[in-house]
Amino acid sequence: MRHNINLPTKVEDLLPLKIGDIVYLNGSIITARDLAHKRISNYIHEKKPLPHSFNKIKNTALYHCGPIIKKINEKYKIISAGPTTSARMNSVENDIIKFLDIHILIGKGGMKNLDEKNLKVIYLSYPGGCGAVASRMIKEVVHVEWLDLGSSEAVWFLRVDQFGPLIVAQDISGNSLYK
């Protein structure tokens, strides 16, 4: 079944999603890879508030992605935005989901320790090798945090339109394509 989801969303909107369903997202998402996860994890453990821009991501989606970026004049353009392997974030992801108050993860390969039931989170798989296709669905780079980590490791705040097709690979009930 196909679902169009507007972000931010409510957990209730995610309950009907089942393994194998196709999802398209509209609205705001962020990217975060290894170094961004490590920095967010440090903020959690040090009980420090994140930069103000993170306040806007509640109930949106976190995309495991290190995009290729081009700066044109004073604006950023996404050249490629394919998924990165999510398993590298297994050890910190549940804490980050709770801290950021998000309910949608996007990546490739799934997550073995994801606490879907308690955190009310779903995992959407996006095919590797489709970075150029994904870039066409990213309508705007709204903001960037932590460019000091490098452009692929920075946190990019993006506005997307019909971002997909994404496959529900882990649902809120704890079902997984990867088990």
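The values are calculated or read from the model by the stated rules, or taken from the named source; none is laboratory data. Everything numeric here is computed off the predicted structure, so don't read it as measured data. Neighbour counts run over all protein chains shown; Cβ positions are idealised from the backbone, glycine included.
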Checking Lys10 against (1) at pLDDT 95 or above; (2) within 20 Å of Leu119 (Cα to Cα), which single condition isn't satisfied? (1)
Residue, modelled with the lowest pLDDT, within region 13-49, restricted to residues that are more than 24 Å from Thr85 (Cβ to Cβ) and surrounded by 15 or more Cβ atoms within 10 Å (Cβ to Cβ): Asp13
Within the set of pairs 6 or more residues apart or between chains, which connect a residue that is more than 17 Å from Cys65 (Cβ to Cβ) inside region 101-128 to a residue that is surrounded by fewer than 19 Cβ atoms within 10 Å (Cβ to Cβ) and of a type in the set (Gly, Ala, Ser) with Cβ atoms less than 6 Å apart? Glu116/Gly174; Lys117/Gly174
Selection within region 90-115 - within 14 Å of Ala36 (Cα to Cα) and under 12 Å from the mean Cα position of the chain (by Cα): Glu93, Ile96, Ile97, Leu100
Restricting to region 17-41, and then to whatever is of a type outside the set (Ser, Thr, Tyr) and part of a helix (DSSP H, G or I), can you tell me which residue is nearest to Pro127 (Cα to Cα)? Asp34
For region 147-179, give me each residue that is of a type outside the set (S, T, N, Q), surrounded by fewer than 19 Cβ atoms within 10 Å (Cβ to Cβ) and touching a residue at least 60 places away in the same chain (Cβ under 8 Å). Leu149, Gly150, Arg159, Asp161, Pro165, Ile167, Leu177, Tyr178
If I filter region 95-115 for residues that are at positive phi, touching a Lys or Arg at 6+ places or on another chain (Cβ under 7 Å) and of a type outside the set (A, V, I, L, M, F, W, C), do I get at least one hit? yes
Of Ile79, Ile29, Ile72, Ile68, which residue is under 17 Å from Ser135 (Cβ atoms), of a type in the set (A, V, I, L, M, F, W, C) and without any contact (Cβ under 8 Å) to a residue 24 or more places away in the chain? Ile72
Those residues of region 104-130 that are of a type outside the set (A, V, I, L, M) and either assigned to a helix (DSSP H, G or I) or surrounded by fewer than 19 Cβ atoms within 10 Å (Cβ to Cβ) (or both) come to a total of 12
Return a yes/no flag: does region 131-143 have any residue that is part of a loop (DSSP other than H, G, I, E, B) and surrounded by 15 or more Cβ atoms within 10 Å (Cβ to Cβ). no
Spot the failing condition for Val141; the list is (1) of a type outside the set (Phe, Trp, Tyr); (2) at pLDDT below 95; (3) more than 13 Å from Ser176 (Cβ to Cβ), and only one is missed. (2)
Just the residues that are closer than 19 Å to Pro8 by Cβ and more than 13 Å from the chain's Cα centre (by Cα), please, taken from region 117-137. Leu119, Lys120, Met137
